[in-house]
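One structure is given below, encoded as C-alpha coordinates.
The values are calculated or read from the model by the stated rules, or taken from the named source; none is laboratory data. Everything numeric in this text was worked out from a predicted model, so none of it was measured. Cβ sites come from the backbone with ideal geometry, for glycine too, and all protein chains shown count toward neighbours. To get the accessible areas, we keep the full protein, side chains included, count just its heavy atoms, and leave off ligands, DNA and RNA. Shrake-Rupley method; radii C 1.70, N 1.55, O 1.52, S 1.80 Å.
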Amino acid sequence: MLTLITNGHPLHEIGVKSLAGYMQFHGIPVQVIYMSYCRILHKRLRHQILEIAGNSKLVGLSLMTKDVGLFKPLINDIRQKIQVPVVIGGIHPTAMPEESLEFSDFVCVGEGEEPIRQLYSTVSGKSSDYTIPNIS
(Lines give C-alpha, C1' and ligand atoms only; values in the text may rest on other atoms or scores of the structure.)
Protein backbone atom coordinates (compact mmCIF):
# COMPACT_ATOMS: atom_id res chain seq x y z
CA MET A 1 0.00 0.00 0.00
CA LEU A 2 1.13 3.52 -0.83
CA THR A 3 -0.37 6.30 1.26
CA LEU A 4 -0.36 9.85 -0.13
CA ILE A 5 -1.07 12.84 2.12
CA THR A 6 -1.77 16.41 1.11
CA ASN A 7 -3.04 19.49 2.89
CA GLY A 8 -5.31 20.38 0.01
CA HIS A 9 -8.92 19.72 -0.88
CA PRO A 10 -9.78 16.83 -3.22
CA LEU A 11 -11.16 19.24 -5.82
CA HIS A 12 -7.89 21.20 -5.97
CA GLU A 13 -5.18 18.54 -5.69
CA ILE A 14 -4.61 17.58 -9.30
CA GLY A 15 -0.99 16.48 -8.75
CA VAL A 16 -1.86 14.01 -5.99
CA LYS A 17 -4.79 12.70 -8.01
CA SER A 18 -2.46 12.17 -10.95
CA LEU A 19 -0.02 10.24 -8.74
CA ALA A 20 -2.80 8.08 -7.31
CA GLY A 21 -4.21 7.32 -10.77
CA TYR A 22 -0.77 6.43 -12.12
CA MET A 23 -0.14 4.06 -9.23
CA GLN A 24 -3.53 2.39 -9.65
CA PHE A 25 -2.89 1.97 -13.38
CA HIS A 26 0.32 0.14 -12.51
CA GLY A 27 -1.38 -2.12 -9.96
CA ILE A 28 -0.07 -0.39 -6.85
CA PRO A 29 -2.64 -0.13 -4.07
CA VAL A 30 -2.93 3.52 -3.06
CA GLN A 31 -4.92 5.57 -0.60
CA VAL A 32 -5.03 9.36 -0.36
CA ILE A 33 -5.58 11.47 2.75
CA TYR A 34 -6.77 15.00 1.96
CA MET A 35 -6.28 17.29 4.97
CA SER A 36 -8.42 20.04 3.40
CA TYR A 37 -6.32 23.01 4.51
CA CYS A 38 -5.67 21.82 8.06
CA ARG A 39 -3.93 24.37 10.28
CA ILE A 40 -3.30 22.25 13.39
CA LEU A 41 -2.44 18.56 13.57
CA HIS A 42 -3.58 17.51 17.02
CA LYS A 43 -2.12 14.36 18.56
CA ARG A 44 -5.41 12.52 18.03
CA LEU A 45 -5.46 13.33 14.31
CA ARG A 46 -1.81 12.27 13.93
CA HIS A 47 -2.70 8.99 15.65
CA GLN A 48 -5.59 8.43 13.21
CA ILE A 49 -3.29 9.06 10.24
CA LEU A 50 -0.76 6.58 11.66
CA GLU A 51 -3.52 3.97 11.91
CA ILE A 52 -4.55 4.56 8.30
CA ALA A 53 -0.96 4.48 7.03
CA GLY A 54 0.13 1.58 9.25
CA ASN A 55 0.03 -1.06 6.52
CA SER A 56 1.82 1.09 3.96
CA LYS A 57 5.18 0.29 2.39
CA LEU A 58 5.73 3.99 1.61
CA VAL A 59 4.09 7.27 2.62
CA GLY A 60 4.29 10.30 0.35
CA LEU A 61 3.46 13.88 1.24
CA SER A 62 2.95 16.81 -1.07
CA LEU A 63 4.33 19.90 0.66
CA MET A 64 4.17 23.60 0.17
CA THR A 65 6.49 25.69 2.33
CA LYS A 66 3.55 26.85 4.47
CA ASP A 67 2.89 23.21 5.43
CA VAL A 68 6.41 22.12 6.43
CA GLY A 69 6.11 23.09 10.10
CA LEU A 70 2.66 21.53 10.29
CA PHE A 71 3.75 18.18 8.84
CA LYS A 72 7.22 17.73 10.41
CA PRO A 73 5.80 16.11 13.60
CA LEU A 74 3.63 13.78 11.50
CA ILE A 75 6.57 12.83 9.28
CA ASN A 76 8.62 12.09 12.39
CA ASP A 77 5.79 9.94 13.80
CA ILE A 78 5.49 7.98 10.55
CA ARG A 79 9.21 7.33 10.38
CA GLN A 80 9.64 6.39 14.05
CA LYS A 81 6.34 4.97 15.33
CA ILE A 82 5.23 2.90 12.34
CA GLN A 83 8.68 2.80 10.72
CA VAL A 84 7.52 3.47 7.18
CA PRO A 85 9.79 5.40 4.81
CA VAL A 86 8.58 8.86 3.82
CA VAL A 87 9.03 10.57 0.47
CA ILE A 88 8.11 14.23 0.14
CA GLY A 89 7.47 16.12 -3.04
CA GLY A 90 5.83 19.30 -4.19
CA ILE A 91 6.88 22.90 -4.30
CA HIS A 92 8.95 23.04 -1.10
CA PRO A 93 11.06 19.89 -1.65
CA THR A 94 11.61 20.82 -5.29
CA ALA A 95 12.88 24.27 -4.28
CA MET A 96 14.81 23.09 -1.19
CA PRO A 97 15.75 19.42 -1.60
CA GLU A 98 18.75 19.37 0.75
CA GLU A 99 16.82 21.01 3.59
CA SER A 100 13.91 18.63 2.93
CA LEU A 101 16.14 15.56 3.28
CA GLU A 102 16.83 16.62 6.87
CA PHE A 103 13.33 15.48 7.90
CA SER A 104 12.38 12.83 5.31
CA ASP A 105 13.82 9.64 3.88
CA PHE A 106 13.46 10.61 0.22
CA VAL A 107 12.75 13.76 -1.76
CA CYS A 108 11.12 13.87 -5.18
CA VAL A 109 12.17 16.86 -7.25
CA GLY A 110 9.89 17.71 -10.16
CA GLU A 111 7.47 15.24 -11.70
CA GLY A 112 6.86 12.21 -9.53
CA GLU A 113 4.63 9.64 -11.19
CA GLU A 114 7.29 7.27 -12.54
CA PRO A 115 9.91 8.02 -9.86
CA ILE A 116 7.42 7.26 -7.06
CA ARG A 117 6.36 4.05 -8.84
CA GLN A 118 10.01 2.97 -9.03
CA LEU A 119 10.65 3.98 -5.40
CA TYR A 120 7.62 1.99 -4.25
CA SER A 121 8.92 -1.03 -6.16
CA THR A 122 12.29 -0.68 -4.44
CA VAL A 123 10.99 -0.22 -0.88
CA SER A 124 8.58 -3.13 -1.46
CA GLY A 125 11.54 -5.39 -2.18
CA LYS A 126 10.79 -5.91 -5.88
CA SER A 127 13.97 -4.05 -6.81
CA SER A 128 17.19 -3.10 -5.08
CA ASP A 129 18.02 -0.10 -7.24
CA TYR A 130 17.73 3.24 -5.45
CA THR A 131 19.18 5.09 -8.44
CA ILE A 132 15.89 6.66 -9.49
CA PRO A 133 15.58 9.87 -11.55
CA ASN A 134 14.12 12.79 -9.57
CA ILE A 135 14.59 10.95 -6.23
CA SER A 136 17.23 11.98 -3.69
Within the accessible area of region 42-119 (1.4 Å probe), percent carbon and sulfur
52
Taking a probe of 1.4 Å and leaving out DNA, RNA and ligands, the chain shows per residue an accessible area in Å² of 54
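List, in the order given, every pair from Lys17/Lys81; Lys72/Lys126; Lys17/Lys57 whose Cα-Cα distance in the structure shown is over 25 Å.
From the list (Lys17/Lys81; Lys72/Lys126; Lys17/Lys57), the Cα-Cα distance tops 25 Å for Lys17/Lys81; Lys72/Lys126.
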With labels modelled as points extended 7 Å from the Cα through the Cβ direction, what inter-label distance (nm, one decimal) is found for Lys126 paired with Leu70?
3.2
Can you tell me the 0 to 90 degree angle between the C-alpha axis of helix 113-123 and the longest principal axis of the chain, rounded to 10?
80
Taking the Cα centre of the chain as origin and charging only Cβ (+1 Lys, Arg; -1 Asp, Glu), how large is the dipole, in debye to the nearest 20?
560
Modelled FRET efficiency - R0 25 Å, His9 with His42, Cβ distances, 0.05 increments
0.80
Any idea what angle helix 68-81 forms with the longest principal axis of the chain, computed on alpha-carbon atoms, 0 to 90 degrees, nearest 10?
60
Along principal axes, Cα extents of the chain, largest first, whole Å
37, 31, 30
What's log10 of I(q)/I(0) for region 86-136 at q = 0.13, 0.27, 0.31 Å⁻¹, Debye sum over Cα points only, no solvent?
-0.26, -1.00, -1.19
